[in-house]
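The values are calculated or read from the model by the stated rules, or taken from the named source; none is laboratory data. All of these numbers come straight from a predicted model, not from anything done at the bench. With ideal geometry, Cβ positions are generated from the backbone for all residues, glycine too; neighbour counts draw on all protein chains shown.
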Amino acid sequence: MGKTLAEKIWDEHVVRSHEGEPDLLYIDLHLIHEVTSPQAFDGLRIAGRTVRRPDLTLATEDHNIPTTDLDKPIADLVSRTQVETLRRNCGEFGVRLHPMGDIDQGIVHVVGPQLGLTQPGMTIVCGDSHTSTHGAFGSIAFGIGTSEVEHVLATQSLSQAKPKMMAVEVVGDLPVGSTAKDLILSLITQETTGGGQGYIVEYRGEAIRKLSMEARMTICNMSIEWGAKAGLIAPDQTTYDYLEGRPNAPTGADWDAAVAYWDSLVTDDDAEFDKVITIDASTITPFVTWGTNPGQGVPLSGNVPDPASFEDDNERIAAENALRYMGLEAGTPMKDIKVDTVFIGSCTNGRIEDLRVAASLIEGHKVAADTRILVVPGSVRVRLQAEQEGLDVIFKDAGAEWRGAGCSMCLGMNPDQLTPGERSASTSNRNFEGRQGKGGRTHLVSPDVAVATGILGHLAGPADLAELAKAGA
Amino acid sequence: MEKFLNHTGVGAPLRRSNVDTDQIIPAVWLKKVTRDGFEEGLFSAWRSDPSFVLNQDAYKNATVLVAGPDFGTGSSREHAVWALQNYGFKVVISPRFGDIFRGNSGKAGLLAAQVDDKVVQRLWDYLDTNPGATITVDLESRTVKAGDGVDAIEDSFTIDDYTRWRLLEGLDDVGITLSHEDDIVTYEKSRPSFKPATL
Ligand code: SF4
């Protein structure tokens, strides 16, 4: 019997396998950042161990760093200590680091692909659950905890039980105005936050093949939000075109050898998945969340659901809690919900394409009076590229704030936070209670919906902007 | 790591599903560079509510947390496990755990015992009617027990064999892997030259 794509990559990375034990997998790339690594380096020091392969390790500063006053030291002392600890650790153990102020600094999941370090057929880990992003290149990429970070630093390998295999077949075409973000948000609501648990998911089908690399990253990024171990997409010409010429991509004969290998990275026709889900992309419309987990979503054209409509007890109680926290009434049309802050950024939607879409929609409009839009590029290079294309001017002219690169309001570890009761439309990936600041209320949206919402002051889509233009004309 | 054989301690009913790691410990608490002191941040958004389970006298010294399904989903932060441990928890019981959380628990020595939905429901009811009662979790026999007589609850829990063995033996993962270093060296010799390097 044939193998799935993920099985092929898995099997190629098994260092040791033994009956009754998880496989020991070799790790091709280990990404680290300041939040989940200090205790791991400490562990190495205590045990007198070294980093086995600094040449397969890369560090960047992203979670804590401010997005304003970039020339000053970090004001928050505890954040500064954490960042300085990373710098000291990287120095001591010989790990390449892109610190604040460096041209290659940025969110770890934006930086890896941008450098061309993320390639097909690799195993990639990071002490961060959205490592699944890198699966867009046809690699097995997943988040790990700090003990595992220490393990990979010391051994360049990780013991892992082989997950089950799932296929998500996306048939049909995404309608104009619907995005990869709407697709993945719809899927998560359909399958719930636990639906992917125990699986590596391969996203397949015509609709996926037509997506750009950046849109594929948006999809794979949110695999973790429905509990999947990892999500991946088979590499193709789109992948190669993205990679060719990037600083860490192979060149010359190595490029040819790499492509020959990458071409083999497809699921065999006679391979069997443990589970197959089919979704029809042509039915996808702009989609937003109403609750406090990414599986609590509805089409933008819909209403806040009635908790009583959930049959499952746990889901009903969760919905009741969510509505209370979110300050929402069942039955309210989603488009009637007023929004205070719009956040455009994160490893889900903080790449150049996202900013291009956002800029093209915002051009010629003004941000609503009681609303603010924060645009935070995913990396310094994304910021510079956007500035070269004049996108920053378009944002600023419309009244949006243009910031430095980092995680920012995706998780509110830096000063970019919601205040209690403040409501956001956010292009990030988590609407958990307090995620963007204590008491903050988050609606997850695509960049398109984010912009329309910022202009109209309530949840809205690009179609509503077009209406506005017609009415004005 | 200390060996984990069995544990008896006060059970705390956390009647919530989908408790993600942002709820267990919000990001603002993650700035520390040590492994201790996270207990203050545990469930911090809920701790200001006097009716929250851990604010009730009966559950003050709880060491066994009984939670609803999808406990520990979301962010990979191992700080969630440390916060529970720093607070004094030895065991978390739930019908379903987030994958990374479960892995982290095994590495850090917190027992994540997966039981049937109904068992959680019965434990919740039992703890509500007997606040401060204890639960016994035995890793060797994979059983969870509470109460006496006809109403006694006794059921099995699942945990993968390998994690169970490591917890029972109190083994350090890195040490185990380094005992197979030859295999790593052999593997490295076969890696293709086109694989990327950062240095
Ligand atoms: S942008 Fe958000 S989700 Fe992505 S790595 Fe940063 S904090 Fe995590």
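Quick check: anything in region B:29-37 within 23 Å of B:GLY132 (Cβ to Cβ), out of contact with any strand residue (DSSP E or B) (no Cβ under 6 Å at 6 or more places or on another chain), free of Cβ contacts under 8 Å to residues at least 60 places away in the same chain and away from chain A (no Cβ under 11 Å)? Step through it out loud before you land on a result.
Within region B:29-37, the subset within 23 Å of B:GLY132 (Cβ to Cβ) is none.
Within region B:29-37 (the criterion being within 23 Å of B:GLY132 (Cβ to Cβ), out of contact with any strand residue (DSSP E or B) (no Cβ under 6 Å at 6 or more places or on another chain), free of Cβ contacts under 8 Å to residues at least 60 places away in the same chain and away from chain A (no Cβ under 11 Å)), the answer is no, since none of the residues qualifies.
Consider A:ASP62 carefully, then state whether it is within 20 Å of A:GLY143 (Cα to Cα), in a loop (DSSP other than H, G, I, E, B) and more than 12 Å from chain B (Cβ to nearest Cβ).
Yes: the conditions hold for A:ASP62.
Hey, could you check region B:87-112 for residues that are assigned to a helix (DSSP H, G or I) and modelled with pLDDT of 95 or more and say which is farthest from the ligand (Cβ to nearest atom)? Give the steps one after another, and end with the answer.
At the first step, the residues of region B:87-112 found to be assigned to a helix (DSSP H, G or I) are B:87, B:99-108.
Imposing the further condition that a residue be modelled with pLDDT of 95 or more reduces the set to B:87, B:101-102, B:105.
Details: B:TYR87: 25, B:PHE101: 16, B:ARG102: 20, B:SER105: 21 Å.
Looking at residues that are assigned to a helix (DSSP H, G or I) and modelled with pLDDT of 95 or more, I get B:TYR87.
Here is a check on your reading of the model: is A:ASP354 away from the ligand (no atom under 16 Å from the Cβ) and either of a type in the set (Asp, Glu) or assigned by the TED database to the domain that holds A:ASN431 (or both)? Outline the logic, then answer.
Values: away from the ligand (no atom under 16 Å from the Cβ): no; either of a type in the set (Asp, Glu) or assigned by the TED database to the domain that holds A:ASN431 (or both): yes.
No: the conditions fail for A:ASP354.
Every residue in region B:142-179 that is out of contact with any helix residue (DSSP H, G or I) (no Cβ under 9 Å at 6 or more places or on another chain) and within 8 Å of chain A (Cβ to nearest Cβ), please.
The one that is out of contact with any helix residue (DSSP H, G or I) (no Cβ under 9 Å at 6 or more places or on another chain) and within 8 Å of chain A (Cβ to nearest Cβ): B:ASP161.
Of the conditions (1) within 23 Å of the chain's Cα centre (by Cα); (2) at pLDDT below 95, A:GLY121 fails just one. Which one is it?
(2)
Look through region A:421-446, keep the residues that are within 9 Å of another protein chain (Cβ to nearest Cβ) and in contact with a strand residue (DSSP E or B) (Cβ under 8 Å, 6 or more places away or on another chain), and return whichever of them is nearest to the ligand (Cβ to nearest atom).
Step by step, filter region A:421-446, then rank; the result is A:ARG430.
So, in region A:126-159, how many residues would count as being within 16 Å of the ligand (Cβ to nearest atom), β-branched (Val, Ile, Thr) and within 11 Å of chain B (Cβ to nearest Cβ)?
Applying the first criterion (within 16 Å of the ligand (Cβ to nearest atom)) to region A:126-159 yields A:126-136, A:141-146, A:149.
With the extra rule that they be β-branched (Val, Ile, Thr), the set shrinks to A:131, A:133, A:144, A:146, A:149.
Now narrow it down to the ones that are within 11 Å of chain B (Cβ to nearest Cβ): A:131, A:144, A:146, A:149.
The number of residues fulfilling the criteria is 4.
Say whether the condition of being more than 8 Å from chain B (Cβ to nearest Cβ), in a strand (DSSP E or B), within 16 Å of the ligand (Cβ to nearest atom) and of a type outside the set (D, E, K, R) is met by at least one residue in region A:113-125.
Narrowing region A:113-125 to residues more than 8 Å from chain B (Cβ to nearest Cβ): A:113-115, A:118, A:120-121, A:123-125.
So of that shortlist, the ones also in a strand (DSSP E or B) come out as A:123-125.
Keeping just the survivors that are within 16 Å of the ligand (Cβ to nearest atom) gives A:124-125.
Subsequent filtering for residues that are of a type outside the set (D, E, K, R) retains A:124-125.
For region A:113-125, residues more than 8 Å from chain B (Cβ to nearest Cβ), in a strand (DSSP E or B), within 16 Å of the ligand (Cβ to nearest atom) and of a type outside the set (D, E, K, R): present.
Scanning region A:11-29 for residues that are within 9 Å of chain B (Cβ to nearest Cβ) and in a strand (DSSP E or B), which turns out nearest to A:THR60 (Cα to Cα)?
Here the residue is A:LEU29.
Please list, ordered by first then second residue, the pairs with beta carbon atoms under 6 Å, 6 or more apart or interchain, first in region A:188-216 and within 14 Å of chain B (Cβ to nearest Cβ), second surrounded by 20 or more Cβ atoms within 10 Å (Cβ to Cβ) and polar (S, T, N, Q).
As it stands, the answer is A:THR193/A:ASN293; A:THR193/B:THR73; A:VAL201/A:SER223, since those pairs meet every condition given.
Since A:MET100 meets every condition but one in (1) at pLDDT below 95; (2) within 9 Å of chain B (Cβ to nearest Cβ); (3) within 16 Å of the ligand (Cβ to nearest atom), which condition does it not meet?
If we test A:MET100 against (1) at pLDDT below 95; (2) within 9 Å of chain B (Cβ to nearest Cβ); (3) within 16 Å of the ligand (Cβ to nearest atom), just (2) comes out false.
Would you pick out the residues in region B:129-178 that are of a type in the set (Phe, Trp, Tyr) and in contact (Cβ under 8 Å) with a residue 12 or more places away in the chain?
Start the filter on region B:129-178 by keeping residues that are of a type in the set (Phe, Trp, Tyr), which leaves B:157, B:162, B:165.
Passing the criteria: only B:PHE157.
Can you pull out every residue in region B:59-86 that is away from the ligand (no atom under 16 Å from the Cβ), of a type in the set (Val, Ile, Thr) and touching a Gly at 6+ places or on another chain (Cβ under 7 Å)? Break it down into steps so the answer makes sense when it comes.
The initial filter retains those residues of region B:59-86 that are away from the ligand (no atom under 16 Å from the Cβ), namely B:59-72, B:81-86.
Checking the rest, the ones that are also of a type in the set (Val, Ile, Thr) come to B:63-64, B:66, B:81.
Result: B:THR63, B:VAL64, B:VAL66.
Restrict the check to region A:30-43 and report whether at least one residue is assigned to a helix (DSSP H, G or I), surrounded by fewer than 19 Cβ atoms within 10 Å (Cβ to Cβ) and away from the ligand (no atom under 16 Å from the Cβ).
Going through region A:30-43, the residues assigned to a helix (DSSP H, G or I) turn out to be A:38-43.
Subsequent filtering for residues that are surrounded by fewer than 19 Cβ atoms within 10 Å (Cβ to Cβ) retains A:42.
In the following step, the residues that additionally are away from the ligand (no atom under 16 Å from the Cβ) were identified as A:42.
Yes, there is a match, as at least one residue in region A:30-43 is assigned to a helix (DSSP H, G or I), surrounded by fewer than 19 Cβ atoms within 10 Å (Cβ to Cβ) and away from the ligand (no atom under 16 Å from the Cβ).
Only one of these is under 23 Å from B:LYS31 (Cα atoms) and at pLDDT below 95: A:ALA473, A:ALA405. Name it.
On inspection, the qualifying residue turns out to be A:ALA405.
The conditions are (1) free of Cβ contacts under 8 Å to residues at least 60 places away in the same chain; (2) within 14 Å of chain A (Cβ to nearest Cβ), and B:LYS60 fails exactly one of them. Which is it?
It is condition (2) that B:LYS60 fails.
Within region A:247-271, count every residue that is in a loop (DSSP other than H, G, I, E, B) and either of a type in the set (S, T, N, Q) or within 10 Å of another protein chain (Cβ to nearest Cβ) (or both). Let's see the steps before the verdict.
Pass one, region A:247-271, residues in a loop (DSSP other than H, G, I, E, B): A:247-251, A:263-271.
Imposing the further condition that a residue be either of a type in the set (S, T, N, Q) or within 10 Å of another protein chain (Cβ to nearest Cβ) (or both) reduces the set to A:247-251, A:264, A:267.
Total satisfying the criteria: 7.
Filter region A:45-55 down to residues that are more than 9 Å from chain B (Cβ to nearest Cβ), over 21 Å from A:THR131 (Cα atoms) and not basic (Lys, Arg) and give me whichever is surrounded by the fewest Cβ atoms within 10 Å (Cβ to Cβ).
Residues of region A:45-55 that are more than 9 Å from chain B (Cβ to nearest Cβ), as a first pass: A:45-46, A:48, A:50-51.
Narrowing further to those that are over 21 Å from A:THR131 (Cα atoms): A:45-46, A:48, A:50.
Retained after the next criterion (residues that are not basic (Lys, Arg)): A:46, A:48, A:50.
Working: A:ILE46: 9, A:GLY48: 6, A:THR50: 13.
For region A:45-55, the residue satisfying everything is A:GLY48.
Look through region B:42-54, keep the residues that are part of a helix (DSSP H, G or I) and at pLDDT below 95, and return whichever of them is farthest from A:GLY439 (Cα to Cα).
Result: B:ARG47.
Which of the residues spanning region A:161-173 are under 23 Å from the mean Cα position of the chain (by Cα) and within 9 Å of chain B (Cβ to nearest Cβ)?
Within region A:161-173, just A:PRO163 meets the criteria.
Exactly one condition in (1) within 14 Å of chain B (Cβ to nearest Cβ); (2) more than 16 Å from the ligand (Cβ to nearest atom) is false for A:LEU418; which is it?
(2)
When you scan region A:101-115, do you find a residue that is of a type in the set (Asp, Glu) and under 20 Å from A:PRO415 (Cα atoms), even just one?
Of all residues in region A:101-115, those of a type in the set (Asp, Glu) come to A:102, A:104.
With under 20 Å from A:PRO415 (Cα atoms) added as a condition, the list becomes none.
Looking through region A:101-115, none of the residues is of a type in the set (Asp, Glu) and under 20 Å from A:PRO415 (Cα atoms).
Between a residue in region B:187-198 that is more than 7 Å from chain A (Cβ to nearest Cβ) and any residue that is in a loop (DSSP other than H, G, I, E, B) and surrounded by 18 or more Cβ atoms within 10 Å (Cβ to Cβ), which pairs come within a Cβ distance under 9 Å, given they are 6 or more apart or on different chains?
These pairs meet every condition: B:GLU188/A:ARG53; B:GLU188/A:GLN156; B:ARG191/A:ASP28.
Taking region B:123-173 as the search range and keeping residues that are touching a His at 6+ places or on another chain (Cβ under 9 Å) and of a type outside the set (S, T, N, Q), which one is farthest from A:GLU21 (Cα to Cα)? Please lay out each step first, then the result.
Of all residues in region B:123-173, those touching a His at 6+ places or on another chain (Cβ under 9 Å) come to B:135-139, B:173.
If we keep only those that are of a type outside the set (S, T, N, Q) as well, we get B:135, B:137-139, B:173.
Values: B:ILE135: 30, B:VAL137: 24, B:ASP138: 22, B:LEU139: 18, B:ASP173: 12 Å.
Top of the filtered list is B:ILE135.
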